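In what follows, a structure is listed as structure tokens, so that the remarks can point back to it.
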Amino acid sequence: MSVRLIDFDQDRDRQAWDHFVHDHPDGSPFHSSAWMRALTVGFGHQVFGVMVEQDQQVVGLFPLSMIRSRLFGNRLISNAFAVQAGDLAQDAQIRRIMDDAAKNLCTKHRLSWIEVRAHKHHRRDWMTRSDDYSVFEAPIAADRDAVLKAIPRKQRAEVRRSLTYGLQMRITQDVEAFRKLYARSLHRLGTPLFPRKWFEALQHFFGPLLEMAVVMDAEERVVASLLSLYHGQTVYPYYVGGNDRTRALRAHDFLYFNQMNHARDHHSCTRFSFGRSKIGTGAWHFKKNWGFQPQQFHVEYWSPSEEKLEVLNPLSPKYRMKAHLWSKMPAIIADNLGPLISPGLG
């Protein structure tokens, strides 16, 4: 058994990595070489692909991203800017080997901690937070009527209402059309906007496994946007945007309903991954209202220091105050400052 860091610029390493991600039941777009390469090009972050091989066969991998930020700390994340990731291993022994490699990287680069985001809680001796987020995922029903019927009655009424406004969903390759509305959503949430090159890098490396959609109103004006990733038979609607007219037109309800049907009809998807949301927030309740059951989500931490580890908690009053102040900043200033700050968020 051997462990090494792979080179994502080498075709052979990249193909072996992605083949294992594709076949592993916990694999996701956020484990893929496309996500790792986009992190380097889009944000300038250094990434590490820890791979374990036995008899020339891949038996485990661990995607890790190094984030250095004076505002948010220096750390190793699996995986940065992702709903989830973590290691993919055939057994606990392989996981321990990869954890040792990650700890060595953390110490070598003088980082403050390692952060692993995953559905499953493996590291019982690491500090773990399991009360901040839920993840939402459910099957996609067999046809359009069945999808509508599967939505709980109250939310189903909202979807039906959205279908009366003359809205249309269109697939687009226009990054800026998507990003303009996404910028407005992030500003309302008090989150700095990501640089344009991040979305361009995702589009380049994921190719046909990434789709952007916009919703047009009856006057052909864009009122909502969505960037989705595909992995196996699962669609991940990941970045969503909207403007001042989105809520009145129920454009997000229209968008998600049509995205479910589009993913099934055009990509043979059978599952819809609604992502991660902070427990108790509006987004958390919105997804639950669609009939998705919240699933527990774990974030595991390890630090080389014996001092108490203090990590960024997005639910803390201090963080919420910063987000509130950012949301009150003029949009034009926030849009220009955001790409300078957001790479450090991780």
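All of ALA141, ALA102 fail the test of being aliphatic (A, V, I, L, M) and either modelled with pLDDT under 95 or farther than 18 Å from LEU39 by Cβ (or both), apart from ALA141. Residues that are surrounded by fewer than 17 Cβ atoms within 10 Å (Cβ to Cβ), at pLDDT below 95 and hydroxyl-bearing (Ser, Thr, Tyr) are absent from region 258-275.
Every residue, every condition in (1) at negative phi; (2) in the same structural domain as PRO192 (by TED's automatic domain parsing); (3) in contact with a helix residue (DSSP H, G or I) (Cβ under 8 Å, 6 or more places away or on another chain); (4) not in a strand (DSSP E or B), yes or no:
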position: LEU227; (1), (2), (3), (4): yes, yes, yes, no
position: THR246; (1), (2), (3), (4): yes, yes, yes, yes
position: LEU249; (1), (2), (3), (4): yes, yes, yes, yes
position: PHE254; (1), (2), (3), (4): yes, yes, yes, yes
position: PHE257; (1), (2), (3), (4): yes, yes, yes, yes
position: ASP265; (1), (2), (3), (4): yes, yes, no, yes
position: ARG276; (1), (2), (3), (4): yes, yes, no, no
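Would region 121-129 turn up any residue that is under 23 Å from HIS231 (Cβ atoms), of a type in the set (Lys, Arg) and under 19 Å from the mean Cα position of the chain (by Cα)? Checked against the condition, which is being under 23 Å from HIS231 (Cβ atoms), of a type in the set (Lys, Arg) and under 19 Å from the mean Cα position of the chain (by Cα), region 121-129 yields no hits at all.
Might you let me know whether region 107-118 holds any residue that is within 16 Å of the chain's Cα centre (by Cα), farther than 23 Å from ILE341 by Cα and touching a residue at least 24 places away in the same chain (Cβ under 8 Å)?
Within region 107-118, one or more residues are within 16 Å of the chain's Cα centre (by Cα), farther than 23 Å from ILE341 by Cα and touching a residue at least 24 places away in the same chain (Cβ under 8 Å).
Among the residues making up region 223-251, those that are farther than 13 Å from MET169 by Cβ and touching a His at 6+ places or on another chain (Cβ under 9 Å) are TYR230, HIS231, GLY232, GLN233, VAL235, GLY242, THR246. Kindly check whether there is at least one residue in region 312-320 that is modelled with pLDDT under 95 and either hydrophobic (A, V, I, L, M, F, W, C) or touching a Ser or Thr at 6+ places or on another chain (Cβ under 9 Å) (or both). Yes, because at least one residue in region 312-320 is modelled with pLDDT under 95 and either hydrophobic (A, V, I, L, M, F, W, C) or touching a Ser or Thr at 6+ places or on another chain (Cβ under 9 Å) (or both).
So is HIS187 within 23 Å of THR281 (Cβ to Cβ) and not assigned by TED's automatic domain parsing to the domain that holds SER228 or not?
Answer is no for this residue.
The values are calculated or read from the model by the stated rules, or taken from the named source; none is laboratory data. Computed from a prediction, not measured in an experiment: that's the story for all the values here. Backbone-built Cβ (ideal geometry, glycine too); neighbour counts: all protein chains shown.
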